[in-house]
Amino acid sequence: MVISGRVPLLLLLGLAAVVLRPQPGTVLLWLLGVVLVIGADLLLTPRPATLRTSRREPGTVRLGDPATASLLVANEGTRGVRVQVRDAWQPSAGATANRHRLRLPAGEQRRLTTPLLPRRRGDLHAAGVTVRSWGPLGLAGLQRTYDVPGTVRALPPFESRKHLPSRLARLRDLDGRAAVRVRGQGTEFDSLREYVRGDDVRSIDWRASARTAHVVVRTWQPERDRRVVIVLDTSRTSAGRVARAVGEDAADGMPRLDAAMDAALLLGALASRAGDRIDFLAGDRRVRARQRVHGVRDVAARLQEQMADLDPVLVEADWDALAGAVQGLGRQRALVVLLTALEPSAIADGLLPVLPTLTRHHRVVLASVRDPELGRLSDLGSVARPTADDVYDAAAAQHELERRSRMREVLAGLGVDVVDADAAQLPPALADHYLHLKAQGLL
Amino acid sequence: MSGPRPVRGWLLIGIALLLALGVAVWTTNGSERYPTPLDPRNPGPEGAQALAEVLEDEGVDVEVVRSAEVFDETAIDDRTTVLVTATDGLSPSTLERMRNSATAGRIVLVDPAYALVREINKDLQAITVFPDALDAECTGSPGLDGFDGLDGLRLEVDQLTVLSDDGAGGPLDGAACFAASGGSALAEVSGENLVLFGAGDALGNDQVTRADNAAIALRLAGGTDRLVWYVPDPTDAEADEAVAISSLLPRWIGPGLWLTALALVALVLWRARRLGPLSTEPLPVVVRAVETARSRGRMYRRSGDREHVARSLRRAARNDLAARLRLDRRAEPAAVVEAAARHLGVAAEPLDTLLNDHRPPASDQDLVRLAEELARLRREVRRG
């Protein structure tokens, strides 16, 4: 039961009666009268249960894009109702203007729309629909909250999409589709064509030239139909919040996981255009997402869909299980990209033991989101007058960086390429590394 | 930028208010202890300290009494005048006590209010008038001292209380002076040792010098050797005389307040009920990635492990220099020192001490100095 603002006003109206008959009994009588009127109003209030609410799912949007939650309210009673409806969502769904006031005659239905603006990646849920039905006098009403499930899925934003065109242009250069044909090394033989000035003389096919009147060159195309396995680590190291770029505050930054997702999306989009097949794997102690994306046009969308609901988990990654899952995706040699943090302790305990198995079958790249804060902390030259605290912090940071560079050496010794870059730089750096490997024919 | 400006404005207003308050307190300091009008110790414009002091200088024994108990203990003989100012605070019962205990002396009531006058005698009237200057022109025969010598004096105040009775045979058949508006400003109540004086302003510090006010005041108060100046205290009144505040309010106030309180309760009930429960957010785990390095730094600091810290700083500097000077990562420390000295064109000795000394710094200051020197060396190598 709820009362409206008219009740205190009605009580204040009793002041007139009190002035006319200044006795305590007047107050009691007036209060009794008001209570009776409220009771009568309440008895005549239609039950909120006579309203049937159903929802149309808002579906999937990219993070930062608006969505609309649509709620169908039908009056199944025999009387018209005057109701307030609140379509509540969890706060990060950004449901503004979610309170609706409507008059619904018997047997009619109305569609209420609430604008959503998701602020967090993942599945954001509706919190419940509250219906408040007012009596004919508008003094009192009945209120009930119903659970009307709904979910809006906010996909990772794929901010590094802006790097895609330039990388695709470089891929076309490799591909031989652009005007400048590049003679790749260790790539696959494509076709023969007439020599034009500017071609590398080393690519002249003398045997073929002997059979024709012209000089003929061989062209090459990069390898196609290779496998790329992207492994996203969602364990404790992925929860660390890092600044997007040097000099920015980590508080405005993002978790390593989100930066790694961005890198994975760019690599996936690029590799699929290059004709490679992509397998996606995410997990920590257990595998949380597994997707084979072969022959699909919009790989990024598929990957986004898979990534949407991944969150960092505060457990140590079980690399045995993850490596097993990689092997389970196929025996064919693949480029395995491990998106994790170059955290010496985590890698030494979990990843190192399984790396030899992986490197024996696959080419392994470890991509890590670097924390610019660590570099800033270690560099005392940027502080005008360092205090003892600064020095102790710097020593700790330098020690950490030292361990990292040693770990890089160990990884390089195992034949693992390491791509270590700031959150904003990692996606293009990883894409460049991929193009580099492709140009070298090392996939 | 617009944030601090209103704050500064409020601050200025606050300071100005404080200053004004300070000035007010300072200027009214003297009258602060006895703020009552016509109080013998009040030096303010409304006080009567001037009169009291002049009387004392003239040899009159002025005794200030501020409560009925003390008054009761004061001996009143026929050479004593009792002057009562601030009669607003004089309750009928206190007046009664005074009249009983001061039968020998003479009581002068200054500015008696209507209610008080009616208490003395039902036939008495007191009205407030705004006269021009008044001449004494005394009538009747004075039964008490203080009336002789008033003739020819002029009273001049802005406002006074005129006392009158119902005519012949009334209580004011004794001496009366300063007639105005059908009554007089100074009158003796016949058959009693009571004098009523309606022009209290004439005793005040600021008006006592007007016309002959001072002379009138001195004759009234200084007619005898001894003056008991009684300033009434409202707490002397007996309990049943106190005015209950409830009797001054309209009768509907009580029930009205109850009703308003009920309306407030209803207001609270109306606003307190929200439209559905709060929606909650499952918060993600967020850790600053650099937190481990920071906490390790704090750990070093707490344990005071300067040796480890210095070693760590030196090793990092050596590795950095080796990388800058294009040496192998695993180059000997001595080789790094040599290359750096050659690069910078300085002696190798101090560089060796800086980079390869194994003694830990003695204090945090030494450690900070070491760190700064290492940072400077790295910067120089980077530039040079």
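What follows draws every value from the coordinates through simple rules; no lab data is involved. As the structure is a computational prediction, the values presented were derived from the model and not from experiment. Cβ coordinates were reconstructed from backbone atoms using ideal geometry, including for glycine residues, and neighbour counts include every protein chain displayed.
Worth a mention:
- Backbone amide hydrogens, once placed in the peptide plane, bring A:T234 within less than 5 Å of A:G283, A:D284, excluding anything fewer than 5 places away on its chain.
- Eigen-decomposition of the gyration tensor built on the alpha-carbon atoms of the stretch A:338-434 gives equivalent ellipsoid semi-axes of 29, 16, 9 angstrom, largest listed first.
- Shape class for the stretch A:292-356: oblate, because the ratio a/c of the largest to smallest gyration tensor axis (alpha-carbon atoms, square roots of eigenvalues) is 1.5 or more and b/c is at least a/b.
- For a label point 7 Å along the Cα-to-beta-carbon line of A:E409, residues of the stretch A:311-350 with backbone N under 20 Å: A:342-349
- Taken along the Cα-to-beta-carbon direction at a fixed 7 Å, the label points for B:L18 and B:A347 span 6.2 nm.
- Expected-Rg normalisation [2.2 N^0.38 Å, Cα atoms] applied to the protein assembly as shown: 1.78
- FRET efficiency estimate (nearest 0.05) - Cβ-Cβ, B:V7 to A:H436, R0 45 angstrom: 0.15
- Considering only alpha-carbon pairs that sit under 8 angstrom and 6 or more positions apart, the relative contact order computed for the stretch B:289-383 is 36 percent.
- Against the empirical 2.2 N^0.38 Å (N residues), chain A has a Cα radius of gyration ratio of 1.46.
- The mean of 1/r over all pairs of different alpha-carbon atoms in the stretch A:212-350, once inverted, gives a Kirkwood hydrodynamic radius of 16.4 Å.
- Pairs of C-alpha atoms in the stretch A:224-439 farther apart than 29 Å represent 23 percent of all such pairs.
- Extension reserve of the B:E380-B:A75 stretch, reckoned as 0.36 nm per residue once the Cα distance is removed: 99.6 nm
- For the stretch A:67-84, putting each phi into the Karplus relation 6.51 cos²θ - 1.76 cosθ + 1.60 with θ = phi - 60° gives couplings of 9, 10, 8, 10, 10, 9, 10, 10, 8, 9, x, 9, 10, x, 10, 10, 10, 10 Hz, in residue order, rounded to whole numbers and with x for Gly and Pro.
- Reciprocal of mean inverse Cα separation for the stretch B:289-383 (Kirkwood radius, Å): 14.0
- Exercise: per-residue mean of other protein chain Cβ atoms within 10 Å, A:11-19: 6
- Helix axis angle, A:24-43 relative to chain A longest principal axis, alpha carbon, degrees: 50
- Taking every alpha-carbon pair under 8 Å whose residues sit at least 6 apart, chain B reaches a relative contact order of 15 percent.
- Per-residue average of Cβ from other chains inside 10 Å of B:268-280: 6
- For the stretch A:13-63: rounded, prolate or oblate by the Cα gyration tensor [a/c cutoff 1.5]: prolate
- Principal-axis tilt of helix B:4-27 within chain B, Cα atoms, nearest 10 degrees: 40
- Chain A: relative contact order as a whole-number percent, Cα under 8 Å and 6+ apart: 13
- Secondary structure note: in chain A, about 65% of the DSSP beta bridges are antiparallel.
- Positive-end residue of B:A266, B:F130, A:G381, charge dipole of the protein assembly as shown with Cβ unit charges: A:G381
- Scaling against 2.2 N^0.38 Å puts the C-alpha radius of gyration of the stretch A:72-121 at 1.38.
- Taking A:P58, A:P427, A:P156 as the candidate residues, the one with maximal mean-square fluctuation in a Gaussian network model of chain A, Cα springs under 10 Å, is A:P58.
- Take the Kirkwood radius over Cα pairs of chain B, plug it into Stokes-Einstein at 4 °C and 1.567 mPa s, and you get 44 µm²/s for translational diffusion.
- Peptides A:352-360, A:414-422, B:42-50 ranked from most to least packed give B:42-50, A:414-422, A:352-360, packing being the mean of other C-beta atoms within 10 angstrom over each peptide's residues.
- The mean number of Cβ atoms from other chains found within 10 Å of a Cβ in peptide A:22-33 is 3, as a whole number.
- Viscosity 1.306 mPa s, temperature 10 °C, Stokes-Einstein D of the stretch B:9-147 from Kirkwood C-alpha radius, µm²/s: 87
- Once backbone amide H atoms are built at 1.01 Å from N, A:V293 has A:I278, A:D279, A:F280 as its partners under 5 Å, excluding neighbours fewer than 5 places away on the same chain.
- Across the stretch A:48-155, the convex hull enclosing all Cα atoms gives 79 Å³ per residue.
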